[in-house]
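Student: My questions all concern the structure below.
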Amino acid sequence: MDGRLRLYRTFPSRLVAFTSGPDPAPAGTVVFIPGLSDGPLALPYVPALGAAGAARGWALCQPVLSSSYLGFGTNSLAQDVLELDALLAGIDGRIVLIGHSTGCQDIVAYLRSGAGRGRVVAAVMQGAVSDRQAMGMEHGDAAVAAAAASATALVSRGQGEVLMPRDTPGVFDTPVSAVRYASLAGRLTADDMFSADLTDAELAVQLGHMAAGPIPAGGGGGDAQLQSRSPPSLMWAFSGCDEYVPTAVKETYSALGSRISAAAGGGGGSALSSSRCVVIEGGNHSLDGEPGTEFVTLVWDFLDQLPPLL
């Protein structure tokens, strides 16, 4: 992909974003946020996603966050939100957020407290999974729960920045602080948004703000007249063969997806319908191959329904 590299934050560390597509972008900018251990171009479908958007007048922006690559273990969703604020402050026009895996948690967090959330006209969540349940698949639920309890105890003693031992289940050979591990491995924590064992009421606590509105104009940079007066329209795309989802959950995956979509709501006042959900059959977590092509088509069929700019 050809594009432009921009420095969007200089302190306390210098962070860059890679933007492809038209400049200026008459339709707006899609911001793509990948998952744990990922960075720009981490997903195989990203080039096709960008090319299809460019043909429609959309730019594609892929930021490097402090949590990118192996930085996730010592950062947080709250820090990601602050950095996305800095990113969006330098982008004019409409904003669409697309997240993969933990990028979905970032979108949920941004739509709760991001300064520029009123500019987001749509959001697409691909591969939203439970880190806690994914860890349990590999290491056993009991081992993960015990490690989460140890991490929580460190946090309660004011030692949340202490790094967990290397043999802690689910740290991916990455330095992970106690406070981040407790969030990734705990129940109903900041990161625990998509677990199958959450009740409808608990999902509403984690996701219900995505449908709240109206969102006040102002904040986050960009053009004030483009502030969204209603919540963004939402699309959830789950992978039917996601290797990070328990088999028992995948057997009724559409039911969980519908519960998540219903809890999030969204789309009020938009030309698009409220929060929608699709399970891409045969797709793995990263949507390699044909499922990725299907996802790109679904995304642009969805975004093509956005109201035109006046």
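Student: Looking at the structure I just gave you, is Arg56 under 22 Å from the mean Cα position of the chain (by Cα) and not aliphatic (A, V, I, L, M)? Quick ask: steps written out before the conclusion?
Tutor: On the way: under 22 Å from the mean Cα position of the chain (by Cα): no; not aliphatic (A, V, I, L, M): yes.
No.
Student: Of the residues that sit in the stretch 1-27 and are outside any loop (DSSP other than H, G, I, E, B) and in contact with a helix residue (DSSP H, G or I) (Cβ under 8 Å, 6 or more places away or on another chain), which one is farthest from Ala52 (Cα to Cα)?
Tutor: This residue is Arg9.
Student: Right, another one. Mind checking whether some residue in the stretch 89-103 is farther than 20 Å from Tyr8 by Cβ and among the charged types (D, E, K, R)?
Tutor: no
Student: Any residue at all in the stretch 119-128 that's open to solvent by 10 Å² or more (accessible area, probe 1.4 Å), of a type outside the set (Gly, Ala, Ser), in contact with a helix residue (DSSP H, G or I) (Cβ under 8 Å, 6 or more places away or on another chain) and in contact (Cβ under 8 Å) with a residue 12 or more places away in the chain?
Tutor: No, there is no match, as no residue in the stretch 119-128 is open to solvent by 10 Å² or more (accessible area, probe 1.4 Å), of a type outside the set (Gly, Ala, Ser), in contact with a helix residue (DSSP H, G or I) (Cβ under 8 Å, 6 or more places away or on another chain) and in contact (Cβ under 8 Å) with a residue 12 or more places away in the chain.
Student: Can you confirm whether the stretch 99-110 contains a residue that is more than 13 Å from the chain's Cα centre (by Cα) and either open to solvent by 10 Å² or more (accessible area, probe 1.4 Å) or within 29 Å of Pro169 (Cβ to Cβ) (or both)?
Tutor: Scanning the stretch 99-110 turns up no residue that is more than 13 Å from the chain's Cα centre (by Cα) and either open to solvent by 10 Å² or more (accessible area, probe 1.4 Å) or within 29 Å of Pro169 (Cβ to Cβ) (or both).
Student: I'm checking my understanding of the structure. Among residues of the stretch 11-22 that are modelled with pLDDT under 95 and open to solvent by 70 Å² or more (accessible area, probe 1.4 Å), which one is farthest from Ala89 (Cα to Cα)?
Tutor: Just the residues of the stretch 11-22 that are modelled with pLDDT under 95, to begin with: 11-13.
If we keep only those that are open to solvent by 70 Å² or more (accessible area, probe 1.4 Å) as well, we get 11-12.
On the way: Phe11: 15, Pro12: 17 Å.
Among those that are modelled with pLDDT under 95 and open to solvent by 70 Å² or more (accessible area, probe 1.4 Å), it is Pro12.
Student: Take the residues in the stretch 248-263 that are under 19 Å from Ser101 (Cβ atoms) and of a type in the set (Ser, Thr, Tyr), then tell me which one is surrounded by the fewest Cβ atoms within 10 Å (Cβ to Cβ).
Tutor: Tyr253
Student: Let me ask something additional. Any idea which residue in the stretch 183-204 is most open to solvent (accessible area, probe 1.4 Å), counting only those that are under 16 Å from Ala128 (Cα atoms) and acidic (Asp, Glu)?
Tutor: Filtering the stretch 183-204 for residues that are under 16 Å from Ala128 (Cα atoms) and acidic (Asp, Glu), the one most open to solvent (accessible area, probe 1.4 Å) comes out as Asp197.
Student: Can you tell me which residues in the stretch 58-95 are open to solvent by less than 40 Å² (accessible area, probe 1.4 Å), touching a Gly at 6+ places or on another chain (Cβ under 8 Å) and of a type in the set (Gly, Ala, Ser)?
Tutor: Within the stretch 58-95, Ala59, Ser68, Gly93 meet the criteria.
Student: Output the qualifying pairs, or none if there are none: Cβ atoms under 7 angstrom, residues six or more apart or on different chains, first residue in the stretch 67-78 and touching a residue at least 60 places away in the same chain (Cβ under 8 Å), second residue among the charged types (D, E, K, R) and part of a loop (DSSP other than H, G, I, E, B).
Tutor: Leu77/Asp191
The values are calculated or read from the model by the stated rules, or taken from the named source; none is laboratory data. This is a predicted model, so every value here is computed, not measured. We place every Cβ from the backbone using ideal geometry, glycine too, and count neighbours over all the protein chains shown. Just so you know, the surface numbers come from the protein's heavy atoms only, side chains and all, with ligands and any DNA or RNA stripped out. Shrake-Rupley method; radii C 1.70, N 1.55, O 1.52, S 1.80 Å.
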